[in-house]
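The values are calculated or read from the model by the stated rules, or taken from the named source; none is laboratory data. In this text the structure is predicted, and so the values were computed from the model without any measurement. Positions of Cβ are generated from backbone atoms using ideal geometry, with glycine treated the same way; all protein chains shown enter the neighbour counts. The protein model used for the area step is the full one, side chains on, heavy atoms only, and it has no ligands, DNA or RNA in it. Shrake-Rupley method; radii C 1.70, N 1.55, O 1.52, S 1.80 Å.
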Amino acid sequence: MKRLQKNTVDSYKIESLDHQGRGITYSNGKVVFVENALPTEEVLIKVLEDKKKYSNAIVTKYNSYSKERIDVECPYYDICGGCNISHLNYENQLKFKEDKLKNILLKYSNLNVSPKVIKSDNEFYYRNKISLKINDNKWGYYKENTHNHIEINHCMISKESINKILKFKNLFNIKNGEITIRSNYNDEILINIETDSKYEIDINKLKKDNKIAGIIANDEVIYNQDFFFEKIDEYLFKVNYKSFFQVNFNILDKVFELIKQKEYQNIIDLYCGVGTLGIPIKKEKLYGIEITPSINDAVYNCRLNKQKNNSYILGDSSKIKEIEDDIDLIVVDPPRKGIDNKTLDHIIAKKVSNIIYMSCDPITLSRDLNMLKEHYEIKSVYLFDMFPQTYHIETVVFMERIVKKIT
């Protein structure tokens with residue numbers, strides 16, 4: 001077994017992929033993570049970081065290639081790090097994500113499931129929101145897990161209407177800061193700028209060639225308004241410049257199709273945001289709970305979509321214990337950190353018949369399912385490819401309460 005040393009170059013065979021899409025090989029019993037390397041490939045690697053239990057390395061030369069490897073068109077792929085698995089063809093990207101989810105659920109919650117994989121109709125140009133760092137008037141990303149600024153002029157996973165704004169960055173005189181660009185179903189653009197520098201934007205020229213819904217700088221509206229409207233399926237949503245909204249319209253539409261299939265009586269939409277998941281579900285009455293100002297948009301969207309029996313509560317997830325009605329569904333879409341233990345206790349105490357759990361982090365999902373599975377049966381698991389070209393996934397889990405028989 002070879003022993004690696006930092007900055008040395010040696011040849012290794014890649015055995016598998018980790019959950020971030022990095023190749024895995026071994027040296028003297030220690031795992032080595034290798035960027036942009038696929039199983040079966042023979043590569044020369046250079047160690048960049050040597051830790052006690054693992055090393056991080058890059059490929060300096062490929063002696064052999066995997067049959068699953070494809071050429072990547074993005075000129076920033078090797079230096080950006082955002083689209084971690086673009087060198088895998090799309091079908092194998094989906095297989096990688098399926099295996100990843102299955103392995104995580106088995107390891108962290110002892111659940112042996114076969115998720116149904118729902119692919120994105122668009123492998124590229126799907127993102128409706130990007131955030132770019134501005135460094136000395138140059139727009140770009142930070143390379144993943146670093147503060148190395150990578151200037152870009154085009155992003156292959158972002159909508160073309162967003163890329164069009166990048167062509168007009170000469171109209172933005174911003175030396176340093178951050179710019180977030182959002183695009184809705186109608187290709188209208190909402191721009192949010194955060195900067196400590198003086199700035200000057202030629203708005204008149206910008207709006208001649210682009211549908212500008214609004215521009216906000218340092219939380220002040222400098223053009224038009226601080227929101228726009230999204231349309232998913234038959235539903236309209238007002239989305240504030242700070243509100244969370246899913247980045248892939250096509251996949252969110254498929255989620256809607258799934259959660260609309262069954263009808264409920266009283267439901268709780270926990271972490272409801274702007275009301276995205278709760279509104280399309282068929283129900284008699286809804287309680288939405290949200291701690292952020294997005295709750296104001298949820299109230300507006302309820303009226304916009306002509307739903308008369310929705311009530312929204314501003315507060316953290318513990319507010320669920322204050323709802324006295326009998327509830328037959330709780331739908332949750334928590335932040336990446338998942339559901340805290342106290343809220344899980346409140347959910348279990350409600351003894352609702354059904355739970356729909358949407359998650360962007362399979363690790364925290366597995367942790368929470370490990371607690372819920374004592375009370376709920378996992379009926380179905382769906383893997384939605386919300387983020388093609390990256391290792392990230394979106395999961396939707398349907399659960400039904402276990403009713404214990406009295407003997």
Surface share of carbon and sulfur [accessible, 1.4 angstrom probe, percent] for the chain: 45 percent
Sum of -39500 (n - 2.57) over DSSP H runs of 4+, divided by residues of the chain (222 nm, nearest 500): -6000 deg cm²/dmol
Placed amide H near C272: partners under 5 Å, 5+ positions off or other chain: I289, E290
Cα centroid of region 220-269 to Cα centroid of region 29-69, whole Å: 41 Å
About the Cα centre, charge dipole magnitude for the chain (Lys/Arg +1, Asp/Glu -1 at Cβ), debye: 700 debye
Where labels lie 7 Å past Cα in the beta-carbon direction, separation of K143 and D78 in nm: 1.2 nm
Summed residue charge, Cβ within 14 Å of D187's Cβ, Lys/Arg positive, Asp/Glu negative: +4
Sites F168 and E91 - FRET efficiency at Förster radius 51 Å, r taken between beta-carbons, to 0.05: 0.90
Option label - Cα extents along the principal axes in Å computed here, alternatives (i) 80, 47, 45; (ii) 71, 65, 34; (iii) 69, 59, 37: (ii)
Efficiency of FRET between I203 and V403 - r from beta-carbon atoms, R0 56 angstrom, step 0.05: 0.40
Calculated P(r) tail over 19 Å for region 140-251, as whole % of Cα pairs: 48 percent
Distribution of pairwise C-alpha distances over region 112-189, 5 Å bins, in %: 3, 14, 22, 21, 15, 9, 6, 4, 3, 1, 0
Mean accessible surface per residue for region 240-345, computed with a 1.4 Å probe while every protein chain stays in place, in Å²: 46 Å²
Label-point separation in nm, E15 to I363, each point 7 Å along Cα→Cβ: 2.1 nm
Whole-Hz ³J(HN,Hα) from phi, Karplus 6.51 cos²θ - 1.76 cosθ + 1.60, for region 130-136, glycine and proline x: 9, 10, 10, 7, 10, 10, 6
Alpha-carbon centroids, region 126-146 and region 322-381: separation in whole Å: 34 Å
Signed unit charges on C-beta, dipole axis of the chain, positive-most listed residue C80, L106, Y142: L106
